[in-house]
Amino acid sequence: MNIFKRLYRYKDLLLVFVWREFAVRYRQSVLGVLWTVVQPLSMMALFLFIFSFVMRQKVSDYPAWQFFFGGILPWQFFSASLNYSVPTLEGNYQLITKIYFPREILPLSGILVAFLDYLVASAFFAVLLLFFGVRLTWNVLWFLPLLVLLFVFTVSISLLLSGLNVYYRDVRLATGFIIQLWFFASPVMYSIDSLDIKIKVFLFINPLTFIIENMRRCVFEGRGVVPWQFALVSLIIILFYSVSYRTFTKIERAFADVI
């Protein structure tokens with residue numbers, strides 16, 4: 001809860017940074033915010049082509065476009081957040097060396113803009129589901145706590161990497177490579193249902209595996225989340241967030257000197 005106490009006095013500044021990031025991203029863009037829909041649609045089309053015409057492999061019992069779109073959206077939010085947040089402290093060194101404010105505002109602004117993009121794309125996806133008559137059950141309510149886990153985990157990784165990037169610029173250079181590896185370790189274009197149990201256990205080390213798989217299941221399959229699994233993953237993410245945020249607040253004291 002310490003992050004809310006630190007940010008409350010600077011909430012207006014956070015909103016200013018969020019608006020600045022959002023405006024800069026889509027300035028002089030013809031499509032503007034529609035890019036938030038074009039990007040996942042293009043990835044979905046690519047996956048459909050590969051699995052329908054190249055590999056000719058069935059990926060799920062429900063339509064493939066739902067399967068791919070449902071995995072792409074949370075992944076896109078996660079990857080975009082890392083890409084935007086990791087270099088923010090380095091890129092705003094003029095502010096960091098001149099005035100004080102909670103430094104987490106900078107990476108958080110990028111994460112919140114990515115989250116706005118995610119909400120726009122999700123709203124479009126919801127319209128598609130209604131148009132094609134996808135029936136939802138009460139288990140769809142599990143989507144909200146899963147979304148909270150996704151957001152907290154994304155904030156944790158982003159704060160840790162952005163803070164370390166101030167001291168080791170290799171972090172920014174390695175971010176693209178890390179995201180590529182993370183993509184294949186997450187069930188975005190495949191399902192873990194058909195995998196060997198040993199591979200499943202390995203993949204579940206990655207919290208995104210649990211989050212993405214269950215987001216699709218509660219929406220498309222009407223299945224609930226196993227409570228003990230949800231509790232375990234929640235505990236792991238909370239502990240990781242605590243370590244990440246404490247690390248960030250500890251090393252931020254020297255940001256102005258190091259950067």
- [ ] Only residues in the stretch 165-186 that are closer than 18 Å to Thr154 by Cβ count as the first member; pair them with residues that are among the basic types (Lys, Arg), Cβ under 7 angstrom, at least 6 apart or cross-chain, and list the lot.
- [x] Asn165/Arg172
Open item on the list: Give all pairs with beta carbons closer than 6 Å in which a residue from the stretch 214-227 that is touching a residue at least 12 places away in the same chain (Cβ under 8 Å) and closer than 15 Å to Asp193 by Cα meets a residue that is part of a helix (DSSP H, G or I) and charged (D, E, K, R); count only pairs at least 6 apart in sequence or on separate chains.
Closed with: Arg223/Arg217
Task: Any hit, the stretch 27-39, residues being exposed (fewer than 13 other Cβ atoms within 10 Å of the Cβ) and within 20 Å of the chain's Cα centre (by Cα) - done: yes
- [ ] Please work out which one of (1) modelled with pLDDT under 90; (2) closer than 22 Å to Phe51 by Cβ is the condition Leu173 fails and give its number.
- [x] (2)
Open item on the list: Anything in the stretch 220-259 that is part of a helix (DSSP H, G or I), in contact with a helix residue (DSSP H, G or I) (Cβ under 6 Å, 6 or more places away or on another chain) and modelled with pLDDT under 90? List them, or say none.
Closed with: Phe220, Ile251, Phe255, Ala256, Val258
Open item on the list: Quick check on the stretch 111-126. Is at least one of its residues outside any helix (DSSP H, G or I) and aliphatic (A, V, I, L, M)?
Closed with: no
Task: Some residue of the stretch 240-259 being within 30 Å of Val59 (Cα to Cα) and crowded, with 19+ Cβ neighbours inside 10 Å - done: no
Task: Enumeration of residues in the stretch 39-55 that are in contact with a helix residue (DSSP H, G or I) (Cβ under 7 Å, 6 or more places away or on another chain) and among the hydrophobic types (A, V, I, L, M, F, W, C) - done: Met43, Met44, Phe47, Leu48, Phe51
Task: Filter result for the condition that a residue is among the small types (Gly, Ala, Ser), surrounded by 15 or more Cβ atoms within 10 Å (Cβ to Cβ) and not in a helix (DSSP H, G or I), over Ser186, Ser156, Ser162 - done: Ser186
Task: In the stretch 80-110, residue nearest to Gln180 (Cα to Cα) [restricted to those that are part of a helix (DSSP H, G or I) and of a type in the set (Phe, Trp, Tyr)] - done: Tyr84
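The values are calculated or read from the model by the stated rules, or taken from the named source; none is laboratory data. These numbers were taken from a predicted model, which means no experiment stands behind them. For neighbour counting, all protein chains shown are included, and Cβ atoms are generated from backbone atoms with ideal geometry for every residue, glycine included.
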